[in-house]
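Have a look at the structure below, then the notes.
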Amino acid sequence: MTLSKDVEYHAATTTPIASTSTQPSPHGMDYSSSLEQMEGVFDLVEPPRRSTGRLLMHGMAMFGREFCYAVEAAYVTPVLLSVGLPKSLYSLVWLISPILGFILQPVVGSASDHCRSRWGRRRPYILVLGVLMLLGMTLYLNGDTVITAVFRDGSGAEKRTWAIVITMLGVVAFDFAADFIDGPIKAYLFDVCSHQDKERGLHYHALLTGLGGALGYLTGAIDWGSTFLGRWMGSEFQVMFFFSASVFLLFLAVHLCSIPETPLRDETSDTKLLLKHEGIKAYGSIDNTQNNNVEKKEPKLRSLSYVEGDEDDETETQKRMTLKSLIGTLLTMPAHYRYLCVSHLIGWTAFLSNMLFFTDYMGQIVYHGNPYAPHNSTAYLIYERGVEVGCWGMCINAISSSLYSYLQKALLPYIGLKGLYFIGYLLFGLGTGFIGLFPNVYSTLVLCSLFGVMSSTLYTVPFNLISEYHREEENEASLDGKSKVHRGKGIDCAALTCMVQLAQILVGGGLGFLVSLAGSVVVVVISASAVSLVGCCFVAVFVRYVE
């Protein structure tokens, strides 16, 4: 069977290893070229090993994203209060973004699986989402200043209304893009790395995520308003915008230049003549080739999450890329993928239940302050002190997340992914339970280190399992002598990350009701502990681990 030089593997995300042979073939083509093209068609070779430096560069986007997340956690509430946002709109601000994310995340993941940009499949989406993150930060940190400058002659009520609108848009845009960008980043890592490098890359992602969060919280803890930068730029909000925008843009650029992607390419006329055959799909379609004859195989119905390469089939796939079909895909995915998504939902529900209300818990329960007291009263000042100490607890969480991500690599050979998953949920459940039962300042700060164990677990283990599932499917196809047909990595990563948005919806809509019913914020950490312990049982019984 003679292959044209123009033949390229339609869904290539790997770089073939060139043969050292230079002996010419009878057909005028050297063996090295022929072997490269054969490997490209059948995808027999994994991507090349990546250096530690390249993997660290790839993880810099997570550092920048988490830095900006920490700035948002420290400043969004003061910004919203400063523009006069009514309390009735708080829940709306925090619910719009996760609802949009849950609806659109699978669409973006599936679309990136079919992206034909010369720059690659994932990086165009990462760049667009990064720009949207920057736009959101610009609006919510500078919206009040911009509105004041634009409406110099307007009434106070008009300025206030526009300031609220712009700030809300900024918060929603930032949260939407920051939540979305994680899926394409993980899919990008899976596309360009070998199996061993995927595991290393995920650990570096968790390490840099923790470091970015820690630096962001430390930067936000400084009173920039009284410094030279604060006086020069106008307010501490502008100073934090300068730092967060600079850090994010720099590290996003490093990430996008870290590892090149091999883009999906249109088939050439020679390739179509060679591979196109009645009843056969181009991607994963060659079953037997004997005497230059291609054995016909009946077409199979595939889930949308499977990548298909034939031009006509891909057009049909794009037509079917609707919300209804994507939700159907998620519901009909293999059971082990679905159980992994459920466990991820449980984990993030427990984690967010604690983290979103932790500083308020410190102020009200641990320090016995009152957020509803007059702002010049002792009770309110004590509450503010508790919130500040809670921010230091969040910093401890970020640092411990980085340290544990490094420790995970040492523990993995001994306890495996199942042990890491189980321990993460168990320690978080016990830690939050003790915090709720014994609200002491020092013990609470010490137990904050267990939050980092859960954070690192959620950022690494589920994506490691996705990588294992894909590898298992590829190995089974290879052993059966079949061409490789695999699930789209983009939509699988999107399915996991959209569980984060669903968890935000559940937490935002349910915890407020529980707090009102119980009359105390203690119910927040107790609920987080209970959900995490339930998740502990779930990951032990239902989640499948590849041996």
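The values are calculated or read from the model by the stated rules, or taken from the named source; none is laboratory data. It should be emphasised that the depicted structure is a prediction, and the values quoted were computed from it without experimental measurement. Reconstructed Cβ throughout: ideal geometry from the backbone, glycine too, with neighbour counts over all protein chains shown. To get the accessible areas, we keep the full protein, side chains included, count just its heavy atoms, and leave off ligands, DNA and RNA. Shrake-Rupley method; radii C 1.70, N 1.55, O 1.52, S 1.80 Å.
Measuring only protein heavy atoms, the 1.4 Å probe finds residue 144 accessible over about 70 Å².
Heavy-atom accessible surface of residue 199, to the nearest 10 Å², is about 50 Å², with a 1.4 Å probe and all protein chains retained. Taking a point 7 Å out from the Cα of residue 410 in the direction of its Cβ, the residues of segment 195-216 whose backbone N falls within less than 18 Å of it are 200, 203-204, 206-208. Along the axis of the charge dipole computed for segment 416-547 (Cβ charges of +1 for Lys and Arg, -1 for Asp and Glu, origin at the Cα centre), the listed residues 531, 520, 469 are led at the positive end by 520.
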